[in-house]
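Novice: This structure is in structure tokens; I'll ask about it shortly.
The values are calculated or read from the model by the stated rules, or taken from the named source; none is laboratory data. Not measured: the values here are computed from a predicted model. Methodologically, a virtual Cβ is constructed for each residue, glycine included, from the backbone with ideal geometry; neighbour enumeration extends over all protein chains shown. When the accessible area is computed, the model is the full protein with side chains, heavy atoms only, and any ligands, DNA or RNA have been set aside. Shrake-Rupley method; radii C 1.70, N 1.55, O 1.52, S 1.80 Å.
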Amino acid sequence: MSVLVNSRTRVICQGFTGKQGTFHSEQSLAYGTKLVGGVTPGRGGEQHLGLPVFDTVRDAVRETGATASMIYVPAAFAADSILEGIDAGLELVVCITEGVPVNDMVKVKAALVGSPTRLIGPNCPGIITPGECKIGIMPGFIHQKGVVGIVSRSGTLTYEAVFQTTNEGLGQSTCVGIGGDPVRGMNFIDVIELFERDPQTEGIIMVGEIGGSDEEAAARHIHRYVTKPVVAYIAGVTAPPGKRMGHAGAVIAGGKGTAADKYRALEAAGVRTVKSPAQLGSAMAALLRKVPAKRVPKTAAKRPAQQVAKRPAKKKVAKRAAKRPAQKVAKKARRTAPVRHR
């Protein structure tokens, strides 16, 4: 089972004929993603990469049956592209674009309320289900189908977690780069909930950053509802207060959102934390090796106990059977003994 996308997901690209849209659409097609067309206003009716081009997302959805979209348009038009995907009823919209104005994203968040559409991004690497579907800029060759669900605010560290779990032989169930902007679509809790319900996912890797309170909220959720092992890393330990670390959302404000605060919250929730991204794969491998050792003996240990419990019962039956002849002999002796009169 996969999370959000699989080999049957029909995908369109918004900004299809542009430089970035063309390059990453080619990469998705080469990976095996079922890309069924794209959208570039004013170029409807044309063919690009052997696929149809449409003027609007609604036209593309109606003609192709697409359920997901990836967005490669300039920042000034990204919010309108997301809103168009929501209006067309897409199940999933993945916005890769960086630098989308926060005020624009506030309007998008309002439009998402009550909508069936899920948004990943903006300013994100996308989502990939290994061997099935790739939406975004993640390099497909480092992924391997497996059992670890990865969710990350950092694009580069997403690839690092993927590479390590591949080298450990664990592989990935689904990888989701949620992006680092302060106002975005899906957050840690949204993705972790999906991983918790996914039978293929046996462990979860979470990569956070300084700034905001998403990691602390995720820690509370994990403590209450998550039964699978979780490994977490927080980027920006050495960042001075008030400094932005690449992402618009990665800024410590008012003394809150520090790496130390996030680590404390996660450790209190029982999450295995690491202080270096180089330890993500080995930490997850160690946790997953412990899980079978705890689970298997519980069922296996019951059988001998049940068998032992049955054996004494058989012995009791044998004892009762052995007593019967003696009792019968005693009764017979009493019946045949001469009666004495006083």
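Novice: Go through the residues of the range 121-135 one by one and say whether even a single one is buried (at least 24 other Cβ atoms within 10 Å of the Cβ) and among the charged types (D, E, K, R).
Specialist: Yes, some residue in the range 121-135 is buried (at least 24 other Cβ atoms within 10 Å of the Cβ) and among the charged types (D, E, K, R).
Novice: For the range 113-152, enumerate the residues that are farther than 22 Å from Gln27 by Cα, over 14 Å from the mean Cα position of the chain (by Cα) and among the small types (Gly, Ala, Ser).
Specialist: Passing the criteria: Gly114, Ser115.
Novice: Inspect the range 45-53 for any residue being under 22 Å from Ile178 (Cβ atoms), surrounded by fewer than 24 Cβ atoms within 10 Å (Cβ to Cβ) and not charged (D, E, K, R) and give the result as yes or no.
Specialist: Checking the range 45-53: not a single residue is under 22 Å from Ile178 (Cβ atoms), surrounded by fewer than 24 Cβ atoms within 10 Å (Cβ to Cβ) and not charged (D, E, K, R).
Novice: Please tell me if Ala161 is crowded, with 24+ Cβ neighbours inside 10 Å and not β-branched (Val, Ile, Thr).
Specialist: When the stated conditions are applied, Ala161 passes them.
Novice: Right, here's the next one. With (1) at pLDDT 95 or above; (2) in a helix (DSSP H, G or I) as the list, and Thr156 as the residue in question, which single condition is left unmet?
Specialist: (1)
Novice: Test each condition in (1) among the charged types (D, E, K, R); (2) under 12 Å from the mean Cα position of the chain (by Cα); (3) open to solvent by 30 Å² or more (accessible area, probe 1.4 Å) for Arg220 and report the one that comes out false.
Specialist: (2)
Novice: Residue by residue through the range 28-83, note down the ones that are in contact with a Leu (Cβ under 6 Å, 6 or more places away or on another chain) and of a type outside the set (S, T, N, Q).
Specialist: Residues satisfying the conditions are Leu29, Leu35, Gly37, Ala68.
Novice: Do we have any residue at all in the range 62-85 that's in contact with a helix residue (DSSP H, G or I) (Cβ under 8 Å, 6 or more places away or on another chain), over 19 Å from Ile127 (Cβ atoms), open to solvent by 10 Å² or more (accessible area, probe 1.4 Å) and assigned to a strand (DSSP E or B)?
Specialist: no
Novice: To continue, here is another question. I'd like to verify a number: residues in the range 195-215 that are surrounded by 20 or more Cβ atoms within 10 Å (Cβ to Cβ) and out of contact with any strand residue (DSSP E or B) (no Cβ under 8 Å at 6 or more places or on another chain), how many?
Specialist: 1
Novice: Hey, among the residues in the range 167-188 that are of a type in the set (Val, Ile, Thr) and touching a helix residue (DSSP H, G or I) at 6+ places or on another chain (Cβ under 6 Å), which one's modelled with the lowest pLDDT?
Specialist: So the residue we want is Val183.
Novice: Go through the residues of the range 90-112 one by one and say whether even a single one is farther than 20 Å from Asp190 by Cα, crowded, with 20+ Cβ neighbours inside 10 Å and over 20 Å from the mean Cα position of the chain (by Cα).
Specialist: Within the range 90-112 (the criterion being farther than 20 Å from Asp190 by Cα, crowded, with 20+ Cβ neighbours inside 10 Å and over 20 Å from the mean Cα position of the chain (by Cα)), the answer is yes, since at least one residue qualifies.
Novice: Tally time: how many residues in the range 12-44 are of a type in the set (A, V, I, L, M, F, W, C) and touching a Ser or Thr at 6+ places or on another chain (Cβ under 6 Å)?
Specialist: Within the range 12-44, residues that are of a type in the set (A, V, I, L, M, F, W, C) and touching a Ser or Thr at 6+ places or on another chain (Cβ under 6 Å) number 5.
Novice: In addition: Could you list all residues from the range 133-165 that are in contact (Cβ under 8 Å) with a residue 60 or more places away in the chain and among the polar types (S, T, N, Q)?
Specialist: Once the filter is applied, which keeps residues that are in contact (Cβ under 8 Å) with a residue 60 or more places away in the chain and among the polar types (S, T, N, Q), the range 133-165 yields Ser154, Gln164, Thr165.
Novice: Looking at the range 263-284 only, could you name the residues that are surrounded by fewer than 16 Cβ atoms within 10 Å (Cβ to Cβ) and hydrophobic (A, V, I, L, M, F, W, C)?
Specialist: Scanning the range 263-284 gives Ala268, Ala278.
Novice: Would you call Arg58 in contact with a strand residue (DSSP E or B) (Cβ under 7 Å, 6 or more places away or on another chain), of a type in the set (D, E, K, R) and touching a residue at least 24 places away in the same chain (Cβ under 8 Å)?
Specialist: no
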